[in-house]
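First the structure, in the form of structure tokens, and then the observations on it.
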Amino acid sequence: MSHPPRAMQVYLDNAATTRPSAAVRRAMMEALEVSFGNPSSLHRVGIEASRIVERAREELSALLGDRRRVAFTSGGTEADALAIAGVGLRSKRRHLVATAFEHSAVLDTMRALCDLGAEVTLVPVGSDGVVDPDDVARAVRADTALVAVMAVQNEIGTVQPIEAVARRVHEVNDRTVVHVDAVQAVGYVPLEPLAAADTVVVSAHKMHGPKGSGALLYREGVVLRPLWSGGGQEGGVRTGTQNVPGIAGLALAARDAALARPEAAARMARLRDALVGHVLGEVPGSRLVGSQARRSPANACLAFPGLRAEPMLHALEAKGIYVSSGSACHAKEGKISHVLEAIGLDASTGVIRVTLCRETTQDETLHAARALVDVARATALGGAA
């Protein structure tokens, strides 16, 4: 397939990954070239590297508005596993709860724990893609070790009522750990409500940072069993030599995303709404998937009944528009995602996920909206736009 000139390319798959910012790239390059030492070494070069790690830890500790312990990881998936298995393997209480549309990093870790005697309850979600805190609370038992509810659903972009969920869960069982995957939240929604959770996961590459760098922010008093043994780094919770450039990039990306959020989120929402309005107004039967009110400003998950998503993706790519069908984590499996099944979406409905970032321009969204309309019409007629 021939690719269009770079000037025509529009990247709108930012829920899958974002372009690292120039500031992040500079910070990482400095860490690679200058502060290249092992943070565990006692000489000057090692101490310089350790200072970068500890400055990053201090910044991330306060990200939610309170003070947290921080364990640096290789990304969101590992951080989710560390929280869930770290609590589940240590606790004598073997019951776990999750929403039916959690990320596979959460659900697959829980399924693995079932082989070791754990029991999992999945809480259903409504067609609007928002979980009811009372439904979550009803699933909690005396032996519930952990409840997982993500902050922003990665496929359909719905924002979950984390503060209310945490309050209701702790009312039922104050020993239950409330775990939140906030990978899609930083830079897009206010983070203060997440302080009600006990463990929170962030990932650098979803907020203009590098791949391979994430963190688990956990409350004092949450005791985690490490997934493996080693050199004792990260307080023994996540051992192994720290990825200093990745950690530097993560901390800077999180800080910049949080600072830019108020203005950037409002601008993204305006661009997103314009794109959605254009597509829904021009393509009969198309609709937005999930709640409009409780939604990430960056997410437009669009349903096209009777149309297949894959031909639409390829046609859009030929026009220089890069989007996804549901989650990129499941895109190659060729089946409807568990998220879309959880909200009752029919398998015959094609779903295109368009996700913006703070760098997305008005011209890009307008170009993408027009291309989406052209492709949907052509696909409906059985041709290529």
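The values are calculated or read from the model by the stated rules, or taken from the named source; none is laboratory data. Computed from a prediction, not measured in an experiment: that's the story for all the values here. FYI the Cβ positions are ideal-geometry reconstructions off the backbone, even for glycines, and counts take in every protein chain you see.
Return the only residue of 215, 265 being outside the structural domain of residue 298 (by TED's automatic domain parsing), among the hydrophobic types (A, V, I, L, M, F, W, C) and within 19 Å of residue 204 (Cα to Cα). Quick ask: steps written out before the conclusion?
Details: 265 fails: outside the structural domain of residue 298 (by TED's automatic domain parsing).
That would be 215, the only listed residue that is outside the structural domain of residue 298 (by TED's automatic domain parsing), among the hydrophobic types (A, V, I, L, M, F, W, C) and within 19 Å of residue 204 (Cα to Cα).
Which residue, of 45, 97, is in the same structural domain as residue 144 (by TED's automatic domain parsing) and under 26 Å from residue 232 (Cα atoms)? It would help to see each step written out before you state the result.
Details: 97 fails: under 26 Å from residue 232 (Cα atoms).
The conditions single out 45.
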Can you confirm whether the stretch 269-291 contains a residue that is over 30 Å from residue 341 (Cα atoms), surrounded by fewer than 18 Cβ atoms within 10 Å (Cβ to Cβ) and touching a residue at least 60 places away in the same chain (Cβ under 8 Å)? no
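Just give me the residues in the stretch 292-308 being touching a residue at least 40 places away in the same chain (Cβ under 8 Å) and either among the aliphatic types (A, V, I, L, M) or touching a Cys at 6+ places or on another chain (Cβ under 8 Å) (or both), in sequence order.
Keep residues of the stretch 292-308 that are touching a residue at least 40 places away in the same chain (Cβ under 8 Å), which gives 294-308.
Across the stretch 292-308, the qualifying residues are 298, 300, 302, 303, 307.
Yes or no: the stretch 171-188 includes at least one residue that is in a helix (DSSP H, G or I) and either in contact with a strand residue (DSSP E or B) (Cβ under 7 Å, 6 or more places away or on another chain) or touching a residue at least 12 places away in the same chain (Cβ under 8 Å) (or both).
Our first condition is that a residue be in a helix (DSSP H, G or I); within the stretch 171-188, this holds for 171-172.
With either in contact with a strand residue (DSSP E or B) (Cβ under 7 Å, 6 or more places away or on another chain) or touching a residue at least 12 places away in the same chain (Cβ under 8 Å) (or both) added as a condition, the list becomes 171-172.
Yes, that holds for at least one residue.
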Yes or no: the stretch 203-222 includes at least one residue that is in contact (Cβ under 8 Å) with a residue 24 or more places away in the chain, under 30 Å from residue 168 (Cβ atoms) and in contact with a Pro (Cβ under 7 Å, 6 or more places away or on another chain). no
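Are any residues in the stretch 47-62 assigned to a helix (DSSP H, G or I) and either without any contact (Cβ under 8 Å) to a residue 60 or more places away in the chain or closer than 19 Å to residue 240 by Cβ (or both), and if so, which ones?
Kept after step one, since they are assigned to a helix (DSSP H, G or I), are these residues of the stretch 47-62: 47-61.
Within the stretch 47-62, 47, 48, 49, 50, 51, 52, 53, 54, 56, 57, 58, 60 meet the criteria.
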So, in the stretch 143-196, of the ones that are small (Gly, Ala, Ser) and under 22 Å from residue 341 (Cβ atoms), which residue ends up surrounded by the most Cβ atoms within 10 Å (Cβ to Cβ)? 148
Would you tally the residues in the stretch 225-236 being in contact with a Gly (Cβ under 7 Å, 6 or more places away or on another chain) and buried (at least 19 other Cβ atoms within 10 Å of the Cβ)? 1
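Filter the stretch 101-138 down to residues that are of a type outside the set (Lys, Arg), part of a helix (DSSP H, G or I) and under 25 Å from residue 89 (Cα atoms), then give me how many there are. Even if it seems obvious, please write down each step before you answer.
Our first condition is that a residue be of a type outside the set (Lys, Arg); within the stretch 101-138, this holds for 101-110, 112-137.
Those still in the list that are part of a helix (DSSP H, G or I) too: 104-110, 112-114, 133-137.
Narrowing the set further to residues that are under 25 Å from residue 89 (Cα atoms) leaves 104-110, 112-114, 136-137.
Matching residues across the stretch 101-138 total 12.
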I'd like the residue in the stretch 329-364 that is under 16 Å from residue 288 (Cα atoms) and either at pLDDT 95 or above or assigned to a strand (DSSP E or B) (or both) and, out of all such residues, is farthest from the chain's Cα centre (by Cα). 349
With the checklist (1) in the same structural domain as residue 158 (by TED's automatic domain parsing); (2) modelled with pLDDT under 95 in hand, flag the one item residue 253 doesn't pass. (2)
Condition (residue is on the phi < 0 side of the Ramachandran plot, outside the structural domain of residue 365 (by TED's automatic domain parsing) and not in a loop (DSSP other than H, G, I, E, B)) applied to the stretch 234-244: is it met by at least one residue? yes
